[in-house]
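Read the structure below first, then the notes.
Each value in this text was obtained by applying a stated rule to the coordinates, not by laboratory testing. These figures come from a predicted structure and were not determined experimentally. Virtual Cβ from ideal backbone geometry, glycine too; neighbours counted across all protein chains shown.
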Amino acid sequence: MSAVVLTNPLIGHKLSLLRDKNTGTKEFREIIGEIATFLCYEALSDAVLEDVEIETPICKTHVKRLNEDRYAFVPILRAGTGMLDGLLKAVPNAKIGHVGLYRDESTHEPVRYYYKMPENVADREVLVLDPMLATGGSACDTIAMLKEDGVKKIKFICIIAAPEGVKKLEEVHPDVQVFAAAVDEKLNENAYIVPGLGDAGDRIFGT
């Protein structure tokens with residue numbers, strides 16, 4: 001399964017602002033949320049709607065509605081939380097889980113320090129959020145934890161992905177679809193995405 005990449009020209013425009021080192025914290029944070037909303041729409045394009053009877057000002061009719069309670073959003077701390085508001089604008093009643101991981105600067109491998117999921121997470125479709133899919137280590141580790149909890153349907157949502165990260169996810173979790181606003185050129189020797197946009201967490205939180 002290759003990554004689903006957004007191709008709308010407006011997404012390209014928004015990405016150009018994110019990549020610009022002169023873009024300030026407020027604008028950077030807002031654009032991350034905007035792109036996250038678009039990614040959510042794309043990721044839920046296969047959503048199954050339920051038939052519901054309502055009454056319009058004219059008459060009764062049957063409509064299709066999303067059962068929002070069937071979804072959970074799981075940001076990887078801390079940068080993933082910068083995407084959360086964007087997804088909640090699309091599905092405001094989704095449940096929220098959190099995974100705390102940090103990258104060991106010498107091995108570039110993820111180290112877990114926090115894990116908290118909503119009740120009955122195994123019965124929900126889970127969207128994992130992280131602005132950057134670099135080596136894929138944090139993403140693979142998070143998805144493995146969710147699978148241990150019995151989650152059957154998982155999607156990974158990011159702003160920028162490196163080919164190396166996409167490849168690793170495809171190899172380790174071939175059943176998990178990746179949704180990205182862009183797939184960049186490569187990782188550098190420090191495992192940063194090139195050309196990328198810098199450290200997304202630092203830029204979101206102004207640290």
How do the strands (runs of 3 or more DSSP E) wholly within region 36-131 filter down when requiring 1 or more residues that are more than 16 Å from Cys158 (Cα to Cα) and touching a residue at least 60 places away in the same chain (Cβ under 8 Å): which remain? 98-103
I want to confirm something. Restricting to region 1-35 and keeping residues that are among the basic types (Lys, Arg) and either in a loop (DSSP other than H, G, I, E, B) or more than 18 Å from Gly165 (Cβ to Cβ) (or both), which single residue is farthest from the chain's Cα centre (by Cα)? Lys21
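Of everything in region 92-120, what is hydrophobic (A, V, I, L, M, F, W, C) and buried (at least 18 other Cβ atoms within 10 Å of the Cβ)? Give them in sequence order. Break it down stepwise before answering.
The first filter runs over region 92-120 and keeps only residues hydrophobic (A, V, I, L, M, F, W, C), leaving 94, 96, 99, 101, 111, 117.
Across region 92-120, the qualifying residues are Ala94, Val99, Leu101, Met117.
Would you be able to tell me the number of residues in region 178-207 that are in a strand (DSSP E or B) and farther than 18 Å from Ile11 by Cβ? Don't jump to the end; show me each part of the working.
Within region 178-207, the subset in a strand (DSSP E or B) is 178-183, 186-187, 193-194.
The next check asks that each one be farther than 18 Å from Ile11 by Cβ; those that pass are 186-187, 194.
So the count comes out to 3.
Among the residues of region 138-171, count how many are part of a helix (DSSP H, G or I), within 15 Å of the chain's Cα centre (by Cα), surrounded by fewer than 21 Cβ atoms within 10 Å (Cβ to Cβ) and free of Cβ contacts under 8 Å to residues at least 40 places away in the same chain. Talk me through it step by step, then tell me what you get.
So the first thing to find is which residues in region 138-171 are part of a helix (DSSP H, G or I), and the list is 138-148, 163-171.
Filter once more, keeping what is within 15 Å of the chain's Cα centre (by Cα): 138-143, 146, 165-166, 169.
After this cut, where a residue has to be surrounded by fewer than 21 Cβ atoms within 10 Å (Cβ to Cβ) as well, the list is 140-141.
Applying the additional criterion that residues be free of Cβ contacts under 8 Å to residues at least 40 places away in the same chain yields 140.
Qualifying residue count for the region: 1.
Quick one: which residue in Ser16, Ser45 is over 26 Å from Tyr115 (Cα atoms) and surrounded by 10 or more Cβ atoms within 10 Å (Cβ to Cβ)?
On the way: Ser45 fails: surrounded by 10 or more Cβ atoms within 10 Å (Cβ to Cβ).
Just one listed residue meets the conditions, Ser16.
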